[in-house]
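The values are calculated or read from the model by the stated rules, or taken from the named source; none is laboratory data. Only a predicted model underlies this, so the values are computations on that prediction, with no experimental measurement involved. Here Cβ is always computed from backbone atoms with ideal geometry, including for glycine, and neighbour counts include all displayed protein chains.
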Amino acid sequence: MSTLSPLSTPIAFIGGGNMASAIIGGLLRQGVATEQIEVVEPFEAARAALQEQFGIQAKAQAGSALARAGLVVWAVKPQTFKDAAAAVAPHTTDALHLSVAAGITTDSIAQWLGSERIVRAMPNTPALIGQGMTGLFARAAVDADARALIEQVVASTGKHVWVDEEAQLDAVTALSGSGPAYVFLFLEAMVQAGVEMGLGAHQSYQLAVATFQGASELAARSSEPVEVLRQRVTSKGGTTHAAISHMQQAGVPEQFVAAMRAAQQRAKELAAEFGR
């Protein structure tokens with residue numbers, strides 16, 4: 001059993017936007033008291049939202065109150081991380097750091113904060129409803145208790161997987177980080193097709209969303225590869241075979257893989273662009 005727990009560890013959030021709010025909401029549901037949570041958020045509207053939603057009074061800028069934090073969650077935009085770190089670092093020398101900022105490497109974060117106790121996370125937007133998937137990478141200085149604390153915090157937003165090499169987070173970004181947008185794109189196309197084939201927009205939406213939900217749950221519960229699951233509903237000469245054959249002939253699977261490669265490359269570029 002870990003000696004560290006979100007229920008007893010003061011937690012500071014640098015940035016109070018959607019992802020920070022998702023984690024804060026999950027922590028409060030776990031029983032964390034609002035008094036244990038510090039938030040630094042420069043935008044007044046976001047501070048007002050935190051007050052209204054959670055009863056948390058966020059600060060406009062970093063101050064000495066951050067010194068009590070055992071864990072600092074970095075939920076800032078990549079381009080503002082370096083400047084934010086300069087203001088926060090003097091107050092968080094002994095803290096464990098969890099970054100959900102896309103693209104910023106732990107080498108850059110370690111340099112800016114003067115700390116090696118850093119975990120980098122790549123979450124996705126279903127975290128907002130507790131159904132997220134987060135990829136995690138820890139630097140060598142992060143011990144088992146610290147990893148366990150991170151897992152408890154991330155569990156408030158959904159599931160997680162650890163990766164052994166930080167470069168793998170670029171693939172996580174391309175697969176699950178950006179992945180919800182791919183699902184939404186397919187949903188848009190399915191709804192459009194349904195309408196064009198004579199269904200109502202609401203009917204098409206219900207059918208498309210429920211199909212994604214059901215197929216994903218079936219895959220999650222099955223011990224068989226998704227290729228086998230696909231083949232089972234693709235009878236030769238049938239309607240599904242006609243659709244799948246059309247997509248394969250159009251190169252949809254290959255283009256889909258290429259699209260995720262583009263997302264992976266952009267993640268690398270972000271690190272080079274904002275991690276200096």
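Worth pointing out:
- Some residue of region 51-58 being crowded, with 23+ Cβ neighbours inside 10 Å, out of contact with any Asp or Glu (no Cβ under 6 Å at 6 or more places or on another chain), outside any strand (DSSP E or B) and not small (Gly, Ala, Ser): no
- Scan of region 233-253 for residues that are assigned to a loop (DSSP other than H, G, I, E, B), surrounded by fewer than 10 Cβ atoms within 10 Å (Cβ to Cβ) and of a type outside the set (D, E, K, R), ordered by number: Gly237
- Looking across Ala181, Ala148, Ala138, one residue alone is under 22 Å from Ile104 (Cα atoms) and surrounded by 14 or more Cβ atoms within 10 Å (Cβ to Cβ). It is Ala138.
- The one condition in (1) polar (S, T, N, Q); (2) buried (at least 19 other Cβ atoms within 10 Å of the Cβ); (3) not in a helix (DSSP H, G or I) that Gln61 fails to fulfil: (2)
- No other residue among Thr92, Thr134, Thr80 is at negative phi, among the β-branched types (Val, Ile, Thr) and out of contact with any Pro (no Cβ under 9 Å at 6 or more places or on another chain) apart from Thr92.
- Those residues of region 212-237 which are of a type outside the set (Asp, Glu), over 21 Å from Gly132 (Cβ atoms) and out of contact with any helix residue (DSSP H, G or I) (no Cβ under 7 Å at 6 or more places or on another chain), in sequence order: Ser223, Pro225, Val228, Arg230, Gln231, Arg232, Lys236, Gly237
- The lone exception for Ala155 - which of (1) among the small types (Gly, Ala, Ser); (2) outside any helix (DSSP H, G or I); (3) assigned by TED's automatic domain parsing to the domain that holds Ala33 it fails: (2)
- Across region 257-276, the number of residues qualifying as among the hydrophobic types (A, V, I, L, M, F, W, C) and at pLDDT below 80 comes to 2.
- Scanning region 109-123 for residues that are touching a strand residue (DSSP E or B) at 6+ places or on another chain (Cβ under 8 Å) and under 16 Å from Val73 (Cβ atoms) returns Ile109, Leu113, Ser115, Arg117, Ile118, Val119, Arg120, Ala121, Met122, Pro123.
- Once region 1-50 is narrowed to residues that are of a type in the set (S, T, N, Q) and part of a loop (DSSP other than H, G, I, E, B), the residue that is surrounded by the fewest Cβ atoms within 10 Å (Cβ to Cβ) is Thr3.
- The set of residues in region 203-232 that are surrounded by fewer than 11 Cβ atoms within 10 Å (Cβ to Cβ) and more than 20 Å from Pro253 (Cβ to Cβ) comprises Ala210, Gln213, Gly214, Glu217, Ala220, Arg221, Ser223.
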